[in-house]
Amino acid sequence: MPLSVRFGDEEYFDDVTLTADELYTRMINTGELPKTSQVSPFSYEEAFRKAVDAGDTVICICLSSGLSGCYQSACIAAKEFGGKVSVIDSLNACASQYVLVRYAEGLVRMGKTHEEIVQRLEYNKNRVHVIALVDTLEYAYKGGRLSRATKVAGSLLHVKPIITADETGKVKILGKARGQKKAFSLFTELVEKTGGIDFSKPVCMAYSGLSDANMLEFMAQEASLFEGKEDKVYKMQFGATIGTYSGPGAFAIGYFHKKPDPNLLSTPQI
């Protein structure tokens, strides 16, 4: 379900009438920051009805309620369909939301029932983690996804902020490092502090901007993080919606962690 992206009076739909490349090109060339809007209850209802009328049941995995109103819109629409539509608040976005969807697809292929899949998603979504390295927090701040105090804390000269989603699905600073090489090393350290990557579940690396060079450089420098399983990592580009708030030059990893450190997940490592 595409969110809408607006430049002034011009409205587009993410990856339908506006590609990520077109978004980044416009942002780079004009410095203009678009606004995004959640999927409406009516749009969700139309999609749910089409699936239900075809004899299917629906599991809708939404963008974090801490970042968007999509989850609330989907819940409103789902009331029209009784138990035929279940809505999951992923508490995640982009790469981490993607691995949750891929996990659900695997459960479908295994022949699990609607109820079993929903139960496993609700349980295992708490094991999904995202860590992202961004060039600047300016886009997230201007887009209203970050407080001024948090933005200032992560905006020192030449410092690379590393961010994550907290337990409510909102953005927080997890760490920061001066210079790209140190940022790459800290990024890996923070992933390992969660207990590392569970490669029995989907893993995704995603990048923003017009080039994946930063992401591939990180994967080459920190190859030990992937235990020689780089070929099992899905690679994708941030969509226009999340790209609006990350800006160009960012990358993120979404994964199921094995044994999270509760202190790491509750307290910013600044």
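The values are calculated or read from the model by the stated rules, or taken from the named source; none is laboratory data. Please read all numbers here as calculations on a predicted model, not as lab measurements. FYI the Cβ positions are ideal-geometry reconstructions off the backbone, even for glycines, and counts take in every protein chain you see.
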Residue count for segment 44-72, restricted to those that are among the hydroxyl-bearing types (Ser, Thr, Tyr), closer than 20 Å to GLN97 by Cα and surrounded by fewer than 20 Cβ atoms within 10 Å (Cβ to Cβ):
1
Assess whether ALA213 counts as being out of contact with any strand residue (DSSP E or B) (no Cβ under 6 Å at 6 or more places or on another chain), under 30 Å from TYR12 (Cβ atoms) and either touching a residue at least 60 places away in the same chain (Cβ under 8 Å) or surrounded by fewer than 22 Cβ atoms within 10 Å (Cβ to Cβ) (or both).
yes
Output for Cβ contacts, cut-off 7 Å, separation at least six or different chains, first residue over 29 Å from ILE76 (Cβ atoms) in segment 21-45, second exposed (fewer than 13 other Cβ atoms within 10 Å of the Cβ) and acidic (Asp, Glu), reads ARG26/GLU32
Close pairs (6 angstrom Cβ cut-off, 6 or more residues apart or separate chains): outside any strand (DSSP E or B) in segment 244-267, charged (D, E, K, R) and at pLDDT below 55 anywhere:
TYR245/ARG145
(1) within 30 Å of LYS160 (Cβ to Cβ); (2) modelled with pLDDT of 95 or more: which one isn't true of CYS94, the others all being true?
(2)
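Here's the yes/no breakdown for (1) touching an Asp or Glu at 6+ places or on another chain (Cβ under 7 Å); (2) buried (at least 18 other Cβ atoms within 10 Å of the Cβ); (3) modelled with pLDDT of 95 or more; (4) outside any helix (DSSP H, G or I):
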| site | (1), (2), (3), (4) |
| --- | --- |
| ILE162 | no, yes, no, yes |
| GLU167 | no, no, no, yes |
| LEU174 | no, yes, no, yes |
| SER200 | no, no, no, yes |
| ALA206 | no, yes, yes, yes |
| PHE218 | no, yes, yes, no |
Counting only residues that are in a helix (DSSP H, G or I) and farther than 20 Å from ASP166 by Cβ, which one in segment 182-198 is farthest from the chain's Cα centre (by Cα)?
LYS182
Is it the case, given these coordinates, that VAL99 is assigned to a helix (DSSP H, G or I), of a type in the set (A, V, I, L, M, F, W, C), touching a strand residue (DSSP E or B) at 6+ places or on another chain (Cβ under 8 Å) and under 25 Å from GLN237 (Cβ atoms)?
yes
May I ask you to list the residues in segment 54-79 that are under 23 Å from SER208 (Cβ atoms), in contact (Cβ under 8 Å) with a residue 40 or more places away in the chain and not in a helix (DSSP H, G or I)?
ILE61, LEU63, SER64, SER65, GLY66, LEU67, SER68
Quick one: which of GLY106, GLY111, GLY82 is at positive phi and in a helix (DSSP H, G or I)?
GLY82
